[in-house]
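The values are calculated or read from the model by the stated rules, or taken from the named source; none is laboratory data. Remember, it's a predicted structure, so these values are computed and weren't measured experimentally. Here the Cβ is made from the backbone with ideal geometry for all residues, glycine too, and neighbour counts use every protein chain on show. The accessibility values were calculated without ligands, DNA or RNA, using every heavy atom of the protein model including side chains. Shrake-Rupley method; radii C 1.70, N 1.55, O 1.52, S 1.80 Å.
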Amino acid sequence: MSRFEPVIIGFLCNWCSYTGADLAGVARLQYPPNLRPIRVMCSGMVSPDLVMEAFLKGADGVMVMGCHPGECHYLEGNTKAAARARVITLVLDDIGINPDRFRLNWISSAEASVFAELVTEFTIRIQKLGPQQTRPQNSDTEPKHEMQNPKSGEKQRDLKNNVT
Amino acid sequence: MGQATAAAAGASRLLIKKRGTQVKKKGFPKERIIVGKTPTVGVFVCSCGVNISGTVDVDKVVEYAAQLPDVAYVENNLFSCSVDAQESIIQKIIDFKLNRVVIAACTPRTHERMFQETLRNARLNGFMVEMANIRNQNSWVHQKDGISATRKAKDQVRMAVAKVAHNYPLRQDRIHVVKKTLIVGGGVVGMVSALTLAGLGIESILVEQSEILGGNTLKLETCFKGQRVAPMLEDLIKRVNKDKRIRVLTQANLVYVAGSVGNFQGHLQVRSKEAFIEFGAAIMATGAKEAIPSEYLYGKLSNVMTQLSFDENVLYKNEKTNTIKCVAFIQCVGSREPERPYCSRICCIHSVRAAITLKKANSKIKVYILYRDMRTYGEWEEHYKTARDLGVVFIRYTVDHKPKVTEIAGQLTVKIKDPLLDIEVKIKPDYLILSSGVVANDNKKLADNFKFTTNEDGFFTGAHPKLKPVDLSIAGLFLAGICNYPKPLDESIEQAKAAAHRVFILLSQNEIKSEAIKAFITDQCDGCALCIDVCPFHALSIQMPDKTKSENRVRVLIDPALCQGCGICAATCHKDGIMVHGFTKPQLMAQVRAAINGMEESC
């Protein structure tokens, strides 16, 4: 059987990470071809709905990439993205998708090598995790969850503690 | 970039009389109305010579794109950005009545604007184009795996086609430009900026918080190249005061700022009075200051001094240098340590120059410079060599083994371990000079007023250190001098000219276009106000219903002048009540879904 080629959606902010990714190209840095980049103006623009939609439609991994803290083009969009990432992680766990499949990273417009390394590392991680099970086999089947019995009570408590 | 921009200021000054005489105004044909028309997409796949086609099977991508929904026309170009290809794209848009275009080529960061113009030339709104970045983020980074790269290129094209189907025409508002500059800080940098602008025909308001112009330069005797500073400064002040295009306000502070690029309004406190000003751009030239040391008996003994006070009280008073026997300098005082990690760049040169001045005034004076790393960078290396030739003794120390300074009956003793001789050296200087470095002024209020940020050391940072060194992150705001980072006077002057030229480019236009990528309110907004607090630019407010018009809905109101289009509001709103043009929920969702759907068929 051929190697598992995961589908990874990447939300890249226009000012830092998208530019860093462009620079990786200019420098001819090689990384796995699994990332499907989506340009956004700011990591703070990435609604959790988009991340969830990606997973529910069957993405094997999602990366959100923004500017380093303190370097956001819009002052604090990345800190908002970080706050949302914490919630996204909890929700993923709750609905039975391994939160390791989601990742938030800071990449400056100069850090082409960091971009290439992180994408490589994340792709390998997802390859090890295998296909994400909510990926519809055909349109009729209901999504299957990786974790059949999430300890929902415990998770909800976590949510409360972290979000307040 | 800074130097080049400063040189451009000089060239513009020479050309000012002829400026604009040979300009041809670019015009675009009237836009076709496409509202209500179903998406008809043209896909242009670029080979970029062999940059793309060397890895990606371009023919397969073309073939794949042709069968995607809404796609009416596909072609491959050798270089989509070439003049020929542009013509061809325009012709195809007309022939096939395309109302949306996907360019699968390089990065939108460099070429989107160009292709937007192509569309406008074909009577389409510029925002009906999307780019699929199959070069920088594909062929260049997957050179060894053509099959996967081709598959990824198909996915990228599919995602772009899916998004562009949701694109709609956007408008850019025209903003009238107030042809006046606010310059904050009346030091040499502020004055040079004002004079450069005056030479280019732009008026400025020079605001200085102290009683006199001159800033830090008032404390300098000579600049690094050795010329005396005072005559130059006098001349500068005279020219600034004489120029009708410069309004000087001393003892003035900026209290409040509103507006945005091209159209700022500010309140000034000038002595006891208030003044209202309007300006189209502003230059921050607030300088910085010498750090006050907290080590080596500073403040306890009058002969332990900082560099500037030594210059003022001893070095340039000839009668004093006649009687001195020994002087020691300690470099990096309080610098390059965890509390203040940066190098101030100018203190090494300053000390070396002071040492040369001492030696030249009286060669019998023993001069020691105790340093961690000597940084007489660039052409200042010459000074270091001269100092050594004149017999100045340089002794290195490490941050773990700093010199020890003691005092008995008024006599200073500096103990330091010389790493070359491997013995402890005792120096008994008449004066001990501490090179304490540069610290930022308290810029927080100014930064808050204009809504930009300082770095962790309190300095202003350019929008891009290499490409936009004198632009601040907010459009219409610029910086120059040591409020940016410590630098010698000549570099500061260069930045002053560069900042002036950046302002000139902006203010020489009668009107500018606003960005189209801004937030808008949808019918889903119920006025819950969740988005208001997260907006970093305070662009959102709540609008109460107008009872006289029998409205009953509370809605959020956007100030388009303040909105920067970041979309933090859009991601916060879970009702899709606020979105950003060009990056709406339907557009991004379409991309997400397209990235996953159809994976199999693109294999």
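A few points about this structure:
- Accessible surface of chain B, 1.4 Å probe: 52 percent of it comes from carbon and sulfur atoms.
- With distances taken between every two different alpha-carbon atoms, segment A:8-141 has a Kirkwood hydrodynamic radius of 14.9 Å.
- Within segment B:181-230, trypsin sites (Lys or Arg not before Pro) in DSSP loop having at most 13 other beta-carbon neighbours inside 10 Å: B:Lys225
- Peptide-level mean, for B:458-469, of C-beta atoms on other protein chains within 10 Å: 1
- Equivalent-ellipsoid semi-axes for segment B:480-603 (Cα gyration tensor, √(5λ), whole Å, largest first): 38, 26, 14.
- Accessible surface ranking for B:Lys317, B:Lys18, B:Lys163, 1.4 angstrom probe, highest first: B:Lys18, B:Lys317, B:Lys163.
- When the P(r) is computed for the protein assembly as shown, the part past 39 Å accounts for 49% of the Cα-Cα pairs.
- Those residues of segment A:42-62 for which accessible area with every protein chain present is at least 30 Å² below the isolated value (1.4 Å probe): A:Met45, A:Ser47, A:Asp49, A:Leu50, A:Glu53, A:Lys57
- Sites B:Val35 and A:Arg125, calculated FRET efficiency, Cβ-Cβ separation with R0 56 Å, nearest 0.05: 0.75
- Viscosity 0.692 mPa s, 37 °C: Kirkwood-radius Stokes-Einstein D of segment B:457-532 over Cα pairs, µm²/s: 217 µm²/s
- Rounded to the nearest 100, the interface formed by chains B and A buries 4100 square angstrom of accessible surface, both chains summed, with a 1.4 Å probe.
- The heavy atoms of B:Asp389 present about 110 square angstrom of accessible area, all protein chains included, probe 1.4 Å.
- Estimated from helical segments only, the mean residue ellipticity of chain B at 222 nm is -9000 deg cm²/dmol, where each DSSP H run of four or more residues counts as -39500 (n - 2.57).
- Relative contact order of chain B, pairs being alpha-carbon contacts under 8 Å that are 6 or more residues apart, as %: 15 percent
- B:Leu170 paired with B:Leu390, simple spin-label distance in nm, labels 7 Å along Cα-to-beta-carbon: 6.0 nm
- As a ratio to 2.2 N^0.38 Å, the alpha-carbon radius of gyration computed for chain B takes the value 1.23.
- Taking all protein chains together and rolling a 1.4 Å probe, A:Arg125 ends up with roughly 80 Å² accessible.
- The angle separating the long axis of helix B:585-596 from the principal Cα axis of greatest extent in chain B is about 80 degrees.
- Distance in nm between pseudo-label sites at B:Asn449 and B:Lys238 (7 Å out along the Cβ direction from Cα): 3.2 nm
- Each principal axis of the Cα atoms in segment B:333-437 has its own extent, and those three values, largest first, are 40, 38, 26 angstrom.
- Alpha-carbon centroid distance for the pair segment B:67-127 / segment B:509-569, whole angstrom: 33 Å
- Using the Cβ-Cβ distance between B:Asn318 and B:Val255 with R0 = 41 Å, the FRET efficiency computed as 1/(1 + (r/R0)^6) comes to roughly 0.35.
- The relative contact order of segment A:8-141 comes to 36 percent, based on Cα pairs under 8 Å that sit 6 or more residues apart.
- Distance between the pseudo-spin-label points of B:Lys466 and B:Ala7 (7 Å out from Cα toward the beta carbon): 1.8 nm.
- Size descriptors for segment B:89-178, from the alpha-carbon set: Rg then Dmax equal 15.2, 55 Å.
- Shielding of peptide B:474-486 by partners, expressed as the average count of other chain Cβ atoms within 10 Å per residue Cβ, is 0.
- Calculated FRET efficiency for the pair B:Arg245/B:Gln543, C-beta based, R₀ 41 Å, to 0.05: 0.50
- Principal-axis tilt of helix B:347-361 within chain B, Cα atoms, nearest 10 degrees: 30 degrees
- Solvent exposure ordering (accessible area, 1.4 Å, most first) of B:Ile237, B:Ile134: B:Ile237, B:Ile134
- Entry comment: accessible area of segment A:8-141 is 33 Å² per residue, from protein heavy atoms only and a probe of 1.4 Å.
- Between the Cα long axis of helix B:108-121 and the first principal axis of chain B there is an angle of about 50°, rounded to the nearest 10.
- Across segment B:99-185, the relative contact order, built from alpha-carbon pairs under 8 Å that are at least six residues apart, equals 32 percent.
- Share, in percent, of DSSP beta bridges within chain B that are antiparallel, nearest 5: 45 percent
- Percent of beta bridges antiparallel (DSSP, the protein assembly as shown, rounded to nearest 5): 40 percent
- Other protein chain C-beta atoms within 10 Å of residue C-beta, averaged over B:529-535: 1.
- Only protein heavy atoms count here; on that basis, with a 1.4 Å probe, B:Asp533 has an accessible area of about 130 Å².
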